[in-house]
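Right, one structure below, let's go through it.
Every number in this text was worked out from the coordinates using simple rules, so none of it is lab data. Just so you know, these numbers come straight off a predicted model, no measurement behind them. Counting neighbours? That spans all protein chains shown, and the Cβs are built from the backbone with ideal geometry, glycine included.
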Amino acid sequence: MKVVIIEDEQPASDKLIQLLQQRDPNTEVLAVLRRLDEAIAWFKVQPEAADLIFADVHLPDGLSFQLFNQLNLRQPVIFITAYDTYALDAFRVNGIDYLLKPLRFAELDKSLQKMSHWKGQADEIRQMGENWGKKAYKNRFMVKLGEHLRAVNADQILLFYAEGRTVFLYTRDGRKFIVDFTLDQLEELLDPALFFRINRSNILQLNGIKEVVIYSTSRLRVVTQPEFAEELIVSREKVGVFKAWFG
């Protein structure tokens with residue numbers, strides 16, 4: 001794994017390098033950058049060289065968030081800082097974790113496990129992107145309305161949701177119908193460019209999303225149009241891949 005460290009305090013960067021090599025001797029530190037302007041200059045030249053970025057929040061010439069506001073970097077970021085007031089700002093960029101100094105091995109190890117999970121999901125998204133257009137996805141569902149059957153097109157669907165073992169299709173005009181599929185089956189049938197499973201109980205349609213709100217330091221809340229009666233929360237383990245899909 002190739003990492004870049006943005007940290008103005010040498011003892012802190014030395015400690016981080018020591019812990020990284022303790023966890024994985026093959027970790028390669030490409031650069032230790034002490035200032036914001038130095039980090040901006042480095043990433044302008046080689047924006048994709050690193051697999052992971054470690055960044056202190058406070059640097060001598062500004063906040064490290066400015067780097068990610070100026071450059072469209074796609075790597076995950078682990079913020080390491082003495083302050084606990086910037087967690088939401090970290091989440092708005094590619095922050096996958098927010099660790100407080102002094103850094104401990106157990107916390108770093110947990111963050112790197114989270115990064116591995118994030119990377120696996122990102123690879124899955126890329127694979128889905130490669131497959132888009134190659135597979136015929138289900139774009140119409142037959143539902144029962146009294147004694148009649150009707151077809152509901154995918155663009156009429158706001159979301160699918162589960163109540164126990166029963167799965168419902170919920171339309172943009174507020175109607176719900178039972179469907180004979182599990183959510184796992186629907187994930188295989190639906191076009192991943194348009195539908196995303198945000199948690200165990202909900203699959204949302206992209207065009208039905210009105211806005212995404214930061215719900216906590218590690219989760220998101222989705223507001224649909226029209227607004228669904230129940231809260232729609234993106235589970236912690238899905239947040240990284242949801243941001244990649246939604247963005």
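Figures for the structure shown
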| quantity | calculated |
| --- | --- |
| Rg(Cα) / (2.2 N^0.38 Å) computed for the chain, rounded to two decimals | 1.20 |
| Ellipticity estimate at 222 nm from DSSP helix runs (n ≥ 4, -39,500 (n - 2.57)) divided over the chain, nearest 500 | -9500 deg cm²/dmol |
| q = 0.17, 0.20, 0.27, 0.29 Å⁻¹: log10 I(q)/I(0) that the Debye formula gives for the range 1-56, counting C-alpha atoms only | -0.50, -0.68, -1.12, -1.23 |
| For ILE178, net neighbour charge (Lys/Arg +1, Asp/Glu -1) across residues whose Cβ lies under 14 Å away | +3 |
| Of LYS110/LYS210; LYS210/LYS243; LYS15/LYS243; LYS15/LYS110; LYS2/LYS110; LYS138/LYS176, those spanning more than 24 Å from alpha-carbon to alpha-carbon | LYS110/LYS210; LYS15/LYS243 |
| Angle between the chain longest axis and helix 10-23 axis [Cα atoms, degrees, rounded to 10] | 60 |
| Sequence of TYR137, TYR98 once ranked by neighbouring C-beta atoms within 10 Å, starting from the fewest | TYR137, TYR98 |
| ALA82-ASP109 FRET efficiency (beta carbon distance; Förster radius 22 Å; 0.05 resolution) | 0.60 |
| The range 2-122, relative contact order in percent, only Cα pairs under 8 angstrom and at least six apart counted | 23 |
| Sorted by Cβ density within 10 Å, fewest first, the residues MET115, MET142 | MET142, MET115 |
| Length added when fully stretched, SER116-MET1, from 0.36 nm per residue minus Cα-Cα | 40.3 nm |
| Extent along principal axes [Cα atoms of the range 2-122; Å; largest to smallest] | 31, 30, 27 |
| The range 140-246, relative contact order in percent, only Cα pairs under 8 angstrom and at least six apart counted | 18 |
| Sorted by Cβ density within 10 Å, fewest first, the residues GLU147, GLU230 | GLU147, GLU230 |
| Magnitude of the charge dipole, the chain, Cβ model with Lys/Arg +1 and Asp/Glu -1, debye to 20 | 760 |
| Relative contact order (percent, whole number), the chain, Cα cutoff 8 Å, 6+ residue spacing | 12 |
| Long-range Cα-Cα pairs in the range 140-246 (distance over 25 Å), rounded percent | 16 |
